[in-house]
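The values are calculated or read from the model by the stated rules, or taken from the named source; none is laboratory data. Quick caveat, the model's predicted, so the values are computed rather than measured. Note that we place each Cβ from the backbone using ideal geometry, even for glycine, and neighbour counts take in every protein chain shown.
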Amino acid sequence: MKKEKPDLKKLAKKAAAFLSHNWQWKLLSLFLAVCLWSGLITQDDSLTREKIFSDVVINITNADTLRRNGFIIVSGLDNLPTVRIRVDVPQKNYNTVTASNYNLRVDLSRIREPGPQTLQVLSSSSSNYGNVTDVSVESVSVQVDEYITRSRIPVRLNTTGEIPEGFYAGEAQVDPAYVVVSGPKSVVENVVRCVADYDLSVLSGQAGTERTAAPFRLLDANGEDISSDLIDVTSQSVSLDSIIVSQTLYTEKSLVINTSDLTSGTPAEGYQIRRVSAEPATLLAAGKNPYIDFLNELHLAEFTDQQIDVSGLTTTVTRNISLAKSNDIVHFSNDTVMITVEIAPR
C-alpha cells in the first residue's frame, strides 16, 4: 500500500486553529519558560562565556620585598604597556565582572639575583569570576641591580646671592649635616657629597636667625650631578626633599675708632705724645641688637689686650693692633688696625 502524503493545507489550518485558541495564555507560558531557562543557566557555574578586556594595566607588586632582599629594578618597568586579556566568565557574573577582578601583575619578590630578568605576567582566578585564558603580553624584561645604602654623606653649601644691605651674615648651619643615600649600587657608589643650593637673597632683611629650606643635589668625585629617581635620601629614616639652612643676620654699622687708652708708659724726658691715630679711621662692625644700635664709636681698648709701650721713646711709633670679637660684636671689617703714636718734643 502506498503511504498517503500529508495534506499540508490541512496541517496549516490545524496549526493556525491551535495557535489562535487561547493565544494569550500560550504566549505567557512561552515567556515563563524562557525566563525559567535563563534563570537555570545563570545559576550554573559550569556554564561560562568569553569576555575580552582591552587597555588593562599591569600592577607591580612586592617592590618593598625586593629591596629587603637587596635588589632594585633599574629599567624595564618605566613604560609598561597596557594589555588585552581574554577571560572565561561564569554566566551569573558576566555583566558585573571587571578587569581588576583578575589582578594582572608582575611579582618582584621572585627575583633572586642581579642582571637581566624575565618576569611572567600573572593573573588571579576564582570560582566567581572565572580565569584568564589569554594575555597579549605574557612577560616583561627588566634589568636588576643590587640595592645598597651609604651613610654619613656630608652636606655642603653652594651659596649664591647677596645678603640684605646693612647686615652681616654669620656662618650658616645645615640640618642635617650628613645624609643617608640608598639606591642602585651602580649609582650610589659614585656619590661623594650632598650640596644644598642656598640663595642669600631670599633672607627677609631682619636681624635674627632665619631657617630656609634649600634644594639639594648629589655629586660625584668630579663635581658632576648624579640624578636618579631610584635614589632615596634620608636622615634618621625620614625622607628628605630639602636641607634646612639656619642663618643669623646681625645689624652692621660704620663706627669711628676711639684710640684712647692704647698706650702705656711715658716718652723720654722733654717729649710727649702729640696724637694717636688709626688707619682705617672707621670700621664696619656687626653685632647683636640692641647693643649695636646704641653704639656710636668703637673704643679699641675694649677689643684688644695689646698696648703700645712708649716708655723712653723720642720718635713716632707705628704698631698693628689685633682686634678680638666679643659676645655683642661678632664681626669687624678688619681684623687689625694700624695705630700711629706721634711723639714730639714738648
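This table checks each residue for (1) crowded, with 16+ Cβ neighbours inside 10 Å; (2) assigned by TED's automatic domain parsing to the domain that holds A286; (3) within 21 Å of R152 (Cβ to Cβ); (4) not hydroxyl-bearing (S, T, Y).
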residue: S182; (1), (2), (3), (4): yes, no, yes, no
residue: S201; (1), (2), (3), (4): no, no, no, no
residue: I226; (1), (2), (3), (4): yes, no, yes, yes
residue: V233; (1), (2), (3), (4): yes, no, yes, yes
residue: S237; (1), (2), (3), (4): no, no, yes, no
residue: L240; (1), (2), (3), (4): yes, no, yes, yes
- line: Per the list (1) crowded, with 17+ Cβ neighbours inside 10 Å; (2) within 28 Å of the chain's Cα centre (by Cα); (3) not in a strand (DSSP E or B), residue check on D145 breaks on (3)
- request: List every residue pair whose Cβ atoms lie under 6 Å apart, where the two residues are 6 or more positions apart in sequence or sit on different chains, the first residue falls within the range 186-209 and is on the phi > 0 side of the Ramachandran plot, and the second residue, located anywhere, is part of a strand (DSSP E or B).
  value: none
statement: Residue hits (the range 166-185; β-branched (V, I, T) and free of Cβ contacts under 8 Å to residues at least 40 places away in the same chain) are none
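The rows are residues; the columns are (1) surrounded by fewer than 13 Cβ atoms within 10 Å (Cβ to Cβ); (2) over 16 Å from L255 (Cα atoms); (3) modelled with pLDDT of 95 or more.
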{"position": "E279", "(1), (2), (3)": "yes, no, no"}
{"position": "F294", "(1), (2), (3)": "yes, no, no"}
{"position": "E297", "(1), (2), (3)": "yes, no, no"}
{"position": "A301", "(1), (2), (3)": "no, no, no"}
{"position": "V310", "(1), (2), (3)": "no, yes, no"}
{"position": "T315", "(1), (2), (3)": "yes, yes, no"}
{"position": "S322", "(1), (2), (3)": "yes, yes, no"}
{"position": "F332", "(1), (2), (3)": "no, no, no"}
{"position": "P345", "(1), (2), (3)": "yes, yes, no"}
query: Which ones in the range 170-222 are more than 17 Å from D241 (Cα to Cα) and of a type in the set (S, T, Y)?
result: S186, S201, S204, T209
- prompt: So which residues in the range 237-287 are of a type in the set (S, T, N, Q) and within 46 Å of the chain's Cα centre (by Cα)?
  reply: S237, S239, S242, S246, Q247, T248, T251, S254
task: Name the residue, out of D309, D305, D261, that is touching a helix residue (DSSP H, G or I) at 6+ places or on another chain (Cβ under 6 Å) and over 30 Å from Y198 (Cα atoms).
output: D261
query: Got a sec? Which of I60, I73 is of a type in the set (A, V, I, L, M), assigned to a strand (DSSP E or B) and surrounded by fewer than 19 Cβ atoms within 10 Å (Cβ to Cβ)?
result: I60
- request: Being over 14 Å from E50 (Cβ atoms), of a type in the set (S, T, N, Q), modelled with pLDDT under 95 and touching a strand residue (DSSP E or B) at 6+ places or on another chain (Cβ under 6 Å) narrows it down to one of S109, S100, S124, S139, so name that one.
  value: S139
task: Output the residues belonging to the range 260-285 that are more than 13 Å from V310 (Cβ to Cβ) and either in a strand (DSSP E or B) or among the polar types (S, T, N, Q) (or both).
output: S260, S277, A278, E279, T282, L283, L284, A285
- request: Quick one: in the range 43-57, of everything that is outside any loop (DSSP other than H, G, I, E, B) and either aromatic (F, W, Y) or in contact with a Pro (Cβ under 6 Å, 6 or more places away or on another chain) (or both), which residue is modelled with the lowest pLDDT?
  value: T48
query: Any residue at all in the range 170-177 that is modelled with pLDDT of 95 or more, small (G, A, S) and either assigned to a loop (DSSP other than H, G, I, E, B) or surrounded by 13 or more Cβ atoms within 10 Å (Cβ to Cβ) (or both)?
result: yes
- prompt: What about R156, is it assigned by TED's automatic domain parsing to the domain that holds Q247, closer than 30 Å to L284 by Cα, of a type outside the set (F, W, Y) and assigned to a strand (DSSP E or B)?
  reply: yes
message: If I filter the range 286-294 for residues that are over 20 Å from F167 (Cβ atoms), in contact with a strand residue (DSSP E or B) (Cβ under 8 Å, 6 or more places away or on another chain) and not aromatic (F, W, Y), do I get at least one hit?
response: no
